[in-house]
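The values are calculated or read from the model by the stated rules, or taken from the named source; none is laboratory data. Quick caveat: nothing in here was measured; it's all calculated off a predicted structure. Backbone-built Cβ (ideal geometry, glycine too); neighbour counts: all protein chains shown.
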Amino acid sequence: MSIRKLIYGFGILWLPLLGHSQELYVFSDPASNIPARSLSAKIKSHGVGADQIYGRFTYRVMPQLMAGITKKMQVRLSASASNMHTDQLEAESIGLGMKYRFLSKDGIHRHFRMAAFVDGSLSRVPFHYEEISLMGDKTGIETGLIATQLWHKLAISTTISRTELLDKSRYDGQVYFPARQYRSVNYSLSAGYLLFPRAYKSYDQPNLNLYVEFLGQRLIGTGFRYADLAPALQLILNSNTKINVGKRFQLSGNMQRMARQSWLISIERSFLQAWR
């Protein structure tokens, strides 16, 4: 095979990722998957600032490994370690998730896709807050649907899901939290816009994407809720490395949370055709 054909083939493989880069959201997932037989490794750092109990900076580190099983299905293995519940950095959770894209209507510079997903988390940390999160704080299962629409440089996505906590404390009659606080409805509305490049001339061109995401949760059977806003920037280098920086803060809410504002930094590296 000639060098020209090899480069051309590589470019064709990456073209879907470049054209749809503005739907690689920072705080949520799109309905699209990573390519079949590909791997993606990500490390995220989630910080919430000074802790009121321990009086020092608290953060969480979350490594993830995603695999494209087919063009419609991907799986994700994750773990987390933090100093949010202890006075030093300690391992706290592992997670496993699957996403299946069941609808795809593709056109020129536009598409509409829908996917169903299920995520599970096993955590060793104590039950502290009313907020339900499977990023390391709780043991449970989340199921939901995602719909994503792309129009050239703009992508809009919405997610609706339900989380059921399986923490052992829900079966303990001495625990203060009533059973109704172990279920939640979660929702998000995310928008991404490709700022640069204005036109593609090379697959080596950096991509710069701007995101604004609206994230919310309501505990089933209670009036506890929150609504957050999360702007973010994403830089894509060499078509295979993503660097994300985002800030999340509460717009309204009345539930007990670890923090009403936080930041997130992540780096992700993709590997196409990792196996045959």
Would you confirm, using the coordinates I've provided, whether residue 45 is more than 25 Å from residue 150 (Cβ to Cβ), of a type outside the set (Val, Ile, Thr) and at pLDDT 90 or above? yes
When the range 229-276 is checked residue by residue, the ones that are of a type in the set (Ser, Thr, Tyr) and in a strand (DSSP E or B) are 241, 252, 262, 266, 270
Filter the range 116-143 down to the residues that are more than 19 Å from residue 81 (Cβ to Cβ), assigned to a loop (DSSP other than H, G, I, E, B) and modelled with pLDDT of 90 or more and list them by number. 131, 132
Among the residues of the range 72-105, how many are charged (D, E, K, R) and out of contact with any strand residue (DSSP E or B) (no Cβ under 8 Å at 6 or more places or on another chain)? 1
Members of the range 106-124 that are in contact with a strand residue (DSSP E or B) (Cβ under 7 Å, 6 or more places away or on another chain) and more than 25 Å from residue 227 (Cβ to Cβ): 110, 111, 112, 113, 120, 122, 124
Output the residues belonging to the range 56-81 that are surrounded by 18 or more Cβ atoms within 10 Å (Cβ to Cβ), under 15 Å from residue 118 (Cα atoms) and not hydrophobic (A, V, I, L, M, F, W, C). 74, 76, 78
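Conditions tested, residue by residue: (1) without any contact (Cβ under 8 Å) to a residue 60 or more places away in the chain; (2) farther than 23 Å from residue 125 by Cα.
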{"position": "217", "(1), (2)": "no, no"}
{"position": "230", "(1), (2)": "no, yes"}
{"position": "242", "(1), (2)": "no, yes"}
{"position": "253", "(1), (2)": "yes, yes"}
{"position": "270", "(1), (2)": "no, yes"}
Counting only residues in the range 151-177 that are more than 18 Å from the chain's Cα centre (by Cα) and surrounded by 18 or more Cβ atoms within 10 Å (Cβ to Cβ), the one modelled with the lowest pLDDT is identified as 170
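So that you can scan it fast, the table gives a plain yes or no per residue for (1) in contact with a helix residue (DSSP H, G or I) (Cβ under 9 Å, 6 or more places away or on another chain); (2) closer than 29 Å to residue 152 by Cβ:
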{"position": "201", "(1), (2)": "no, yes"}
{"position": "226", "(1), (2)": "no, no"}
{"position": "233", "(1), (2)": "no, yes"}
{"position": "250", "(1), (2)": "no, no"}
{"position": "259", "(1), (2)": "no, no"}
{"position": "272", "(1), (2)": "yes, yes"}
Is at least one residue of the range 178-186 closer than 24 Å to residue 66 by Cα, in contact with a Phe, Trp or Tyr (Cβ under 9 Å, 6 or more places away or on another chain) and modelled with pLDDT of 95 or more? no
Working only within the range 82-93, note down all residues that are free of Cβ contacts under 8 Å to residues at least 40 places away in the same chain and either exposed (fewer than 15 other Cβ atoms within 10 Å of the Cβ) or under 19 Å from the mean Cα position of the chain (by Cα) (or both). 86, 87, 88, 89, 90, 91
Contact list, first residue from the range 125-154 and more than 24 Å from residue 60 (Cβ to Cβ), second anywhere and hydroxyl-bearing (Ser, Thr, Tyr) and outside any strand (DSSP E or B), beta-carbon distance below 7 Å, six or more apart or interchain, is 148/32
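State whether one or more residues within the range 89-109 are in a loop (DSSP other than H, G, I, E, B) and closer than 22 Å to residue 43 by Cβ.
Yes: the range 89-109 contains one or more residues that are in a loop (DSSP other than H, G, I, E, B) and closer than 22 Å to residue 43 by Cβ.
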Among the residues of the range 98-146, which ones are buried (at least 18 other Cβ atoms within 10 Å of the Cβ) and among the polar types (S, T, N, Q)? 121, 123, 133, 139
